[in-house]
1. Taking into account only those residues within the range 286-302 that are in contact (Cβ under 8 Å) with a residue 24 or more places away in the chain and part of a helix (DSSP H, G or I), which is nearest to LEU273 (Cα to Cα)?
2. Just give me the residues in the range 65-98 being closer than 15 Å to GLY113 by Cα, more than 34 Å from the chain's Cα centre (by Cα) and of a type in the set (Val, Ile, Thr), in sequence order.
3. Within the range 156-185, restricting attention to residues that are in a helix (DSSP H, G or I) and of a type in the set (D, E, K, R), which residue is farthest from GLY133 (Cα to Cα)?
4. So, in the range 423-480, of the ones that are of a type in the set (Lys, Arg) and modelled with pLDDT under 65, which residue ends up nearest to ILE412 (Cα to Cα)?
5. Identify the single condition in (1) under 19 Å from PHE290 (Cα atoms); (2) not in a helix (DSSP H, G or I) that VAL228 does not satisfy, given that it satisfies every other one.
6. Of the numbered conditions (1) surrounded by 15 or more Cβ atoms within 10 Å (Cβ to Cβ); (2) touching a Lys or Arg at 6+ places or on another chain (Cβ under 8 Å), ASP152 fails exactly one; give the number of that condition.
7. Could you identify the single residue in TYR120, TYR76 that is more than 23 Å from GLY168 (Cβ to Cβ), among the hydroxyl-bearing types (Ser, Thr, Tyr) and part of a helix (DSSP H, G or I)?
8. When you check PHE191 against the structure, is it of a type in the set (Phe, Trp, Tyr) and either closer than 24 Å to GLY103 by Cα or assigned to a helix (DSSP H, G or I) (or both), yes or no?
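The values are calculated or read from the model by the stated rules, or taken from the named source; none is laboratory data. Every value quoted in this text rests on a predicted model; they were computed, and no experiment measured them. Every residue, glycine as well, gets a Cβ built from its backbone with ideal geometry; the counts of neighbours run over all protein chains shown.
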Amino acid sequence: MKRALRRYTRTFHFHTFNFHPFPPVSTFTTTHHHHPAATTTTTTSSFNTHSSTTDFNKHLTSLTITDQHLTAIHLYNQIEFNKIITPCIITLTIIITSFSHLGHVSLSFSLFGKILKRGYVLDTVALNALLKGLCFNGQVLKALEFHDELVDKGFQLNDVSYGILIDGLCREGRVNAAIHLLRLVEKNCFFVKANVVMYSTVIDCLFRNGFVNEGFDFYCNEMLVNGVCPNEFTYGSLIRGLCGVGRVREGFGLLDEMVREGFYVSVYNFTVLIDGLCKKGMLVEAREVFDEMVKRGYEVNVVTCTALMGGYCSKGNVDEARELFGKVVNWGFALDVWTCNVLIHGYCKVKRLDDAMKVYNAMRHEGLVPNVVTYNTLIDSFCKSGGVSRAWEIVKTMHDSGLTPDTVTYCILLDALCKSQCLDQAILLFNQLVERGLEPDVWTYTILINGFCMNRRMDLGEYHVHGSFLIRCMIMVHPRIISLIVSC
């Protein structure tokens, strides 16, 4: 049992932890803006030697619930240093959780050492906090070895413990190891029953990594066969995974099953189905689902509307997309860059570039910051419609806004220069791409090779510097590209 888990672990023993005092609070890194000193000045005065540990723990809990982990740690240090209250195992477990959230796993184990030193009876809550801290901070292999050490010493973990480990493995993409661990739990190796959380985590991981058939088979042949009933999260993962590969009919079957089982069908579930229908070109059905949502009182959100807009734009029905875009504004939803990008792409697809620019200008007027996708869409469309000078103006605007062009931007511009027979400028631009630390891909080189071939400036000798340079680069990236050169 234990050896089976160790196939996926490295050595990680209790004695490998260096228990040391806490560093000053100023050394902790955090993204929160709560200043601990200002908070603890008032809160420490609220506690004295007559205060109960229970009240103190409640206060710490309220801080951690609101993500004020740094403040909780500072308050604990003050109370401990001034010996106002004697912390119990609950206190230490709360602070272990805070250290873990801030990424200080070694300090979490320092507190674990204090728990052992003081002779507290370990409970699964404290152990789970340590396991979660390791998994949360990308150290799932160490978490598994810590699990082995605990089992060796006779500690009994619970279903939450194994849910944490399975989730940690899935987060790191170790889905095979997660399935292996789940099957050990199924065989009652750890005296714990596999539950819906464990199965749902594995199924979701399989779907997210593109193993849709495997995920659905795991659901049918293992989860259901073992008598574990799905929950809302399970159904959500199944519907999203199936719709993502075009199996929308099966997604609707699961939706009907949710309704029969009495589960709440969320806006998210409907949005996934609408997006699936749109990707299959079933716009009428997608609109029917959307209208039915509104009719039943569901509060459609901007994500739902954007999915339907994307469907309209993919079929060239940009006016219907613009109508829905207007409704989004009238309903009071806050527009995002993604929604605007969908409409801009729709207009560009049908060569209505003036309308695309109106949406772009409206974005900036509303305070939305266009991203690289926004600019690439516009640059590509102007280049393909013959407005290369306008495309370069947009590139300048992109630079001025502080955005750095990516490889896609450079490929669009290289293609335009090659088709305009501006090969020397194309080489200069390519050199600029490399100098800025971007990685040319096969598409980049193919554009250049094709441009030089079409303009009869490809030669295998050293007299044509451009040609020999490109050949050497292409061979490094993809040797098979030489067939393209030979065909020229």
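1. Among those residues, the one meeting the criterion is ALA286.
2. The one that is closer than 15 Å to GLY113 by Cα, more than 34 Å from the chain's Cα centre (by Cα) and of a type in the set (Val, Ile, Thr): ILE89.
3. ARG183
4. ARG457
5. Among (1) under 19 Å from PHE290 (Cα atoms); (2) not in a helix (DSSP H, G or I), the lone unmet condition for VAL228 is (1).
6. (1)
7. Matching residue, one of TYR120, TYR76: TYR76.
8. No, not satisfied.
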